[in-house]
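The values are calculated or read from the model by the stated rules, or taken from the named source; none is laboratory data. In this text the structure is predicted, and so the values were computed from the model without any measurement. When we count neighbours, we look across all protein chains shown, and the Cβ atoms used for this are built from the backbone with ideal geometry, even at glycine.
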Amino acid sequence: MRYLTELSLEAFIEAARNVPYQQISSELFPGIDLWIRRDDLIDPLISGNKAYKLIYNLLEARAQGKDTIVTCGGAWSNHIHATAAAGARFDFHTIGIIRGERPPALSAMLQDAERFGMDLHFVSRVAYRGRNDMDFLAKVGLACENFWFIPEGGANELGAKGINILADVICETSPKQFDECWVASGTGVTLGALAVGLPDRVKLTGVPVLQGEKSIRKSAERWACAKGRERHFDLVENAHHGGYGKCSLTLLSAQRKCEALGNLGLEHVYTAKLFCAAAHFAAPIDGNKLVRKNAAPKRILLLHTGGLQGRRGLAG
Ligand SMILES: *Cc1c(COP(=O)(O)O)cnc(C)c1O
């Protein structure tokens, strides 16, 4: 696996171009020409779609001479992890505002973040609700100077702009023309921004990993309306297995089977739900109650959006 070693747009796009595609043939996906784009491999620590959402934020912070990145997230946030790693790599001080009181034992994720040099600032769940307010930092008692703030999950304009790189590179480097492209969806930024960048002939499907598909749809639609063009995507319903971070036996079993397909790691929060949903539409899995309007597809690209550090959250 390669590392992003340099903070430059050119180097990042080059790394994105070199992300491999992997073809999967398995009875789990009968009659489907299935490929995976392995953005988990773009960097071992600044992984998956979070790398794309960070790139323009980091470039802008550097251009403006900011030496500190402040962001926020939960105890298993891939965005916090990626931001901490990026700060260590590219010489930014990082501060992570973490939802909830400091636990007696830090999650493996937060231990990593501290090891990467991130200052963790725990705030109550109530205070955390104000994370999108202008005076959030003051309210949680953080006095920072010369900092660049990135919202939870990397969900800002520059984050969406970074996802456009992903869409462009998919168009440029796909091994074939896909009918469909599928991605796991949390905030909906990745889904919405991909809808803007991918050509109309590719049907884009999001797999919501949490309850509240309506809010994901709304958020993705907002990001998909960029440049005054409304772009369409499909959402799978009931793919969340009980909610964010929740797991089911059906999910675990699908995760194990899919991981065995080809040197592939998945985690239960995002990518296993994506694979499980896709497999279900190829050949229904007992215990799944998924709903989708379209007929079964033929040539699918699944986006592996990384986040494997979260795999450790299942045991703990
Ligand atoms: C954050 C994340 C997503 C979801 O991205 P959104 O833009 O928030 O919808 C998907 N997969 C992985 C692995 C993630 O870490």
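Here are a few things to note about the model shown:
- Qualifying residue in region 210-218 (condition: touching a Leu at 6+ places or on another chain (Cβ under 8 Å), within 12 Å of Asn49 (Cβ to Cβ) and either part of a helix (DSSP H, G or I) or basic (Lys, Arg) (or both)): no
- Residue match in region 131-138 (condition: of a type outside the set (S, T, N, Q), within 14 Å of the ligand (Cβ to nearest atom) and at pLDDT below 95): no
- Count - residues of region 39-62 that are crowded, with 18+ Cβ neighbours inside 10 Å and within 15 Å of Gly265 (Cβ to Cβ): 8
- Considered as a group, the residues in region 96-122 that are touching an Asp or Glu at 6+ places or on another chain (Cβ under 8 Å) and surrounded by fewer than 23 Cβ atoms within 10 Å (Cβ to Cβ) include one that is nearest to Glu267 (Cα to Cα), and that residue is Leu106.
- Cβ separations smaller than 7 Å between residues 6+ apart or across chains give the following pairs from region 123-139 residues that are closer than 23 Å to Pro103 by Cβ to residues that are of a type in the set (Phe, Trp, Tyr): Gly130/Phe136.
- Ile98 meets each of the listed conditions (1) within 19 Å of the chain's Cα centre (by Cα); (2) over 21 Å from Thr305 (Cβ atoms); (3) touching a residue at least 60 places away in the same chain (Cβ under 8 Å) apart from (3).
- Taken together, the residues in region 239-275 that are over 26 Å from Ala167 (Cα atoms) and assigned to a loop (DSSP other than H, G, I, E, B) amount to 8.
- Residues in region 123-156 that are loosely packed, with under 13 Cβ neighbours inside 10 Å and either in the same structural domain as Gly188 (by TED's automatic domain parsing) or of a type in the set (Asp, Glu) (or both): Asp133, Asp135, Glu145.
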